[in-house]
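Enquirer: Please see the structure below; I have some questions.
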Amino acid sequence: MSISPWPAGSRRTASFSGVENTELLDFLVDLAREAGIDVRVLSRAGAGEVPPESAVCRVRGSLWVILSASDLPEQRIAVLAGALREHAGEALEGRYLPPAVRALLERAEPG
C-alpha cells in the first residue's frame, strides 16, 4: 500500500446538494490544506489485504487526514468535514464558504 498526495482516478462522482462529490471533495481537501491539515490518500489495498479506512490522526504532532481510495466519496467527505469542523474552526472563521459546504461542516461529526 502506498501513500500519495492524490492518486489519479480514485474519485467517483455523485451529487450532494447540487454539487458534484468530486468538486466537494477537492474543495474540502484544499480547505484542509489551507488550514494546515496534511491530507494524504492511501491507494487501494492489494489482494488479500484488509482495505484501510479514512481517518484523522496525529503524526509527530501534525494533524493528518488519511483518505482511503477504497472508501466511497461520501465517506471521505465525511472524514474531511469532521476534521475541519473539529480542528480548523479558527481558520474557517470569516472565510467565505459556499452554502453547501457550510451546511456540511455545521452538521459534520467531529474528526
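Enquirer: Can you confirm whether residue 76 is of a type in the set (D, E, K, R) and free of Cβ contacts under 8 Å to residues at least 24 places away in the same chain? First the steps, then the outcome.
Expert: Working: of a type in the set (D, E, K, R): yes; free of Cβ contacts under 8 Å to residues at least 24 places away in the same chain: no.
Criteria not met by residue 76.
Enquirer: Take residue 59 and tell me if it is under 18 Å from residue 33 (Cβ atoms) and in contact (Cβ under 8 Å) with a residue 60 or more places away in the chain.
Expert: On the way: under 18 Å from residue 33 (Cβ atoms): yes; in contact (Cβ under 8 Å) with a residue 60 or more places away in the chain: no.
No, not satisfied.
Enquirer: Moving on. State whether the residues of segment 73-80 include one that is under 9 Å from the mean Cα position of the chain (by Cα) and polar (S, T, N, Q).
Expert: Within segment 73-80 (the criterion being under 9 Å from the mean Cα position of the chain (by Cα) and polar (S, T, N, Q)), the answer is yes, since at least one residue qualifies.
Since every read-out is calculated from the coordinates, none of them should be taken as a lab result. Owing to the predicted nature of the structure, the values given are computational and were not obtained by experimental measurement. Positions of Cβ are backbone-derived with ideal geometry, glycine not excepted, and every protein chain shown enters the neighbour counts.
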